[in-house]
Amino acid sequence: MAVDAHGEAIRIEARCTPAGASCPDCAHWTERIHSSCLRFPADLPAAGRRAQLALRVRRFFCTASACGRRTFVEQVPGLTRRHGRVTERLRRTMSEIGPALAGRAGARLARSWRSRPAAPRCCGG
């Protein structure tokens, strides 16, 4: 993990270190890596600065012959979820602020964090 603080932002670069991951469909453990990519989930500010998270995740092959899934991307428990564009910490905070402050007030608060709120979703998506 690397942390770089320049100006108004803190850039955090991280990667997963386990040797493998479990398939989300069949729970079969695999260490066979397909590829890797960078994800940039939005997060809450840190120390009064905008946080830029650069997370390197790996795509694995599911090696179970009975499983229909060929590949899957590892998730970081407590930090990310499938198809998520924000961290779990930001998701929880925004879900608490939304009902309390309503739309415009919540958007103003998010702007004060120098964070772009995710598109609104129905039913807490």
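The values are calculated or read from the model by the stated rules, or taken from the named source; none is laboratory data. Please read these numbers as outputs of a predicted model, since none were measured by experiment. Please note: Cβ atoms are built from the backbone with ideal geometry, for glycine as well, and neighbour counts cover all protein chains shown.
Tell me, which residue of segment 72-85 that is of a type outside the set (D, E, K, R) and surrounded by 14 or more Cβ atoms within 10 Å (Cβ to Cβ) is farthest from TRP29 (Cα to Cα)?
Within segment 72-85, the match that is farthest from TRP29 (Cα to Cα) is GLY84.
In segment 3-27, which residues are within 19 Å of HIS83 (Cα to Cα) and among the acidic types (Asp, Glu)?
ASP25
Here are some conditions: (1) modelled with pLDDT of 80 or more; (2) exposed (fewer than 13 other Cβ atoms within 10 Å of the Cβ). LEU90 meets all but one. Which one does it not meet?
(2)
Here is a yes/no grid of residues against (1) more than 29 Å from GLU8 (Cα to Cα); (2) at pLDDT below 85:
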{"site": "GLN52", "(1), (2)": "no, no"}
{"site": "ARG69", "(1), (2)": "yes, no"}
{"site": "GLY84", "(1), (2)": "no, yes"}
{"site": "GLY106", "(1), (2)": "no, yes"}
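Looking only at segment 30-58, which residues are surrounded by 14 or more Cβ atoms within 10 Å (Cβ to Cβ) and hydrophobic (A, V, I, L, M, F, W, C)?
Answer for segment 30-58, where residues must be surrounded by 14 or more Cβ atoms within 10 Å (Cβ to Cβ) and hydrophobic (A, V, I, L, M, F, W, C): ILE33, ALA42, LEU44, ALA46, ALA51, LEU53, ALA54, LEU55, VAL57.
Looking at segment 1-29, which of its residues are over 30 Å from ALA64 (Cβ atoms), over 18 Å from the mean Cα position of the chain (by Cα) and loosely packed, with under 12 Cβ neighbours inside 10 Å?
ASP4, HIS6, GLY7, GLU8
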